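Contents: one structure, followed by commentary.
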Amino acid sequence: MLRGLYTAASGMIAQQRRHDTVTNNIANLNTPGFKAMNSMTRAFPEMLVSAMGGDNVRSGPIGKLNTGVFAEENRLSFGQGDLSETQRPQDLAIVSDIFVDGATFDSSGKYVDPNGNVIYQPQAFFTIQSADGGREYTRDGSFKTAPDGTLLTSDGAAVLGVGGQPIVMNGSWEDVTVRADGVLYSKALQQPLPGSPQVLLTVVNDPNQLVRQGNGRFQYEGDPAGIRQLAAGDRVQVRQGYLERSNVDSAQSMVDIMSALRVYEANQKVIQFYDSSLQKAVNDIGKV
């Protein structure tokens with residue numbers, strides 16, 4: 001009987017974590033470049049109940065028994081968000097649809113080949129300088145300019161250009177056009193700015209190797225070979241005067257949050273039933 005009690009309790013904990021994840025997505029519905037998180041639940045390690053025992057997990061007469069679920073991780077969704085026009089010259093958005101030969105990606109950016117191998121769609125990111133001098137990545141293109149002309153993120157991190165150095169602007173942004181390839185182009189001179197500054201766009205082959213750092217930033221913790229600079233053939237464009245919106249689906253989020261609530265309530269009723277049964281077993285049957 002207590003096994004069922006623990007199973008229902010684990011279901012309540014998993015749904016609470018799912019509820020927290022969806023709530024966080026809704027709270028960031030208007031955060032530029034925010035990528036939604038999906039709570040992943042998995043079965044507890046299977047408990048083997050066998051009267052005979054042995055090395056073969058299927059040899060017992062009772063078989064296998066799952067003992068609940070566990071909210072193991074939150075998987076990020078890197079789907080493209082809609083673009084919102086701001087007409088602000090320092091606002092930049094990335095439109096990324098990188099092609100992989102032989103793969104047709106679904107809305108979540110995943111493809112499963114006939115052999116069952118999973119391929120994730122590569123994604124492009126702005127490259128910024130972290131506090132320790134390393135590199136981090138973001139899709140939040142709401143940039144600003146420091147007094148010395150350095151292009152910064154909204155929280156003050158330097159935006160890196162091709163070559164790995166911060167982009168420094170001399171002059172007014174009203175005279176600058178950012179081309180689709182990230183090159184800063186002078187309207188007055190009709191040519192790239194002196195030094196040909198270009199926004200560094202980094203392509204991550206498997207975006208699931210990115211770890212969220214807060215403030216819309218990600219840090220790459222995968223194989224160094226899985227990250228590269230944007231190539232000429234990649235289907236990636238920079239749009240000036242636009243921001244990428246959050247890719248959170250508000251309607252689906254409301255469905256998910258209600259689903260988590262209903263499942264939580266169902267598990268709660270199971271616990272109340274077990275509590276009532278135990279009460280009768282102790283107070284009534286125990287007196288006989």
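The values are calculated or read from the model by the stated rules, or taken from the named source; none is laboratory data. Since the model is a prediction, treat every value here as computed from it, not as a measurement. Backbone-built Cβ (ideal geometry, glycine too); neighbour counts: all protein chains shown.
Within region 53-69, is even one residue at pLDDT 90 or above, part of a strand (DSSP E or B) and not hydrophobic (A, V, I, L, M, F, W, C)? No, because not a single residue in region 53-69 is at pLDDT 90 or above, part of a strand (DSSP E or B) and not hydrophobic (A, V, I, L, M, F, W, C). Of the listed requirements (1) under 20 Å from the mean Cα position of the chain (by Cα); (2) exposed (fewer than 15 other Cβ atoms within 10 Å of the Cβ); (3) part of a loop (DSSP other than H, G, I, E, B), Arg228 misses just one: (3).
Out of all the residues in region 211-225, is one or more among the aliphatic types (A, V, I, L, M), assigned by TED's automatic domain parsing to the domain that holds Asp91 and farther than 23 Å from Arg75 by Cα? No, region 211-225 contains no residue that is among the aliphatic types (A, V, I, L, M), assigned by TED's automatic domain parsing to the domain that holds Asp91 and farther than 23 Å from Arg75 by Cα.
Looking at region 18-43, which of the residues that are surrounded by fewer than 19 Cβ atoms within 10 Å (Cβ to Cβ) and charged (D, E, K, R) is farthest from the chain's Cα centre (by Cα)? Step by step, filter region 18-43, then rank; the result is Arg42.
Take the residues of region 139-152 that are outside any strand (DSSP E or B) and touching a residue at least 60 places away in the same chain (Cβ under 8 Å): which is surrounded by the fewest Cβ atoms within 10 Å (Cβ to Cβ)? Ranking the candidates gives Asp140 first.
In the list Glu136, Glu174, which residue meets the criterion of being over 26 Å from Asp97 (Cα atoms) and not in a loop (DSSP other than H, G, I, E, B)?
Glu174
Would you confirm whether or not region 185-197 contains a residue that is outside any strand (DSSP E or B), crowded, with 16+ Cβ neighbours inside 10 Å and in contact with a strand residue (DSSP E or B) (Cβ under 8 Å, 6 or more places away or on another chain)? Taking every residue of region 185-197 in turn, at least one turns out to be outside any strand (DSSP E or B), crowded, with 16+ Cβ neighbours inside 10 Å and in contact with a strand residue (DSSP E or B) (Cβ under 8 Å, 6 or more places away or on another chain).
Taking each residue of region 210-223 that is without any contact (Cβ under 8 Å) to a residue 40 or more places away in the chain and looking for partners that are assigned to a loop (DSSP other than H, G, I, E, B) and surrounded by 14 or more Cβ atoms within 10 Å (Cβ to Cβ) with beta-carbon atoms closer than 8 Å, six or more apart or interchain, yields Gly222/Asp206.
Among residues of region 1-16 being touching a residue at least 60 places away in the same chain (Cβ under 8 Å) and within 25 Å of the chain's Cα centre (by Cα), the one that is surrounded by the fewest Cβ atoms within 10 Å (Cβ to Cβ) is Gln16. For region 115-130, a residue qualifies if it is within 24 Å of Asn28 (Cα to Cα) and of a type in the set (Gly, Ala, Ser), and the qualifying residues are Ala124, Ser130. Would you call Arg228 touching a Leu at 6+ places or on another chain (Cβ under 9 Å), among the basic types (Lys, Arg), within 30 Å of Ser84 (Cα to Cα) and at pLDDT 90 or above? Here the answer is no, as Arg228 does not meet what is asked. Could we say that Val248 is surrounded by 17 or more Cβ atoms within 10 Å (Cβ to Cβ), within 15 Å of the chain's Cα centre (by Cα) and outside any helix (DSSP H, G or I) here? Criteria met by Val248.
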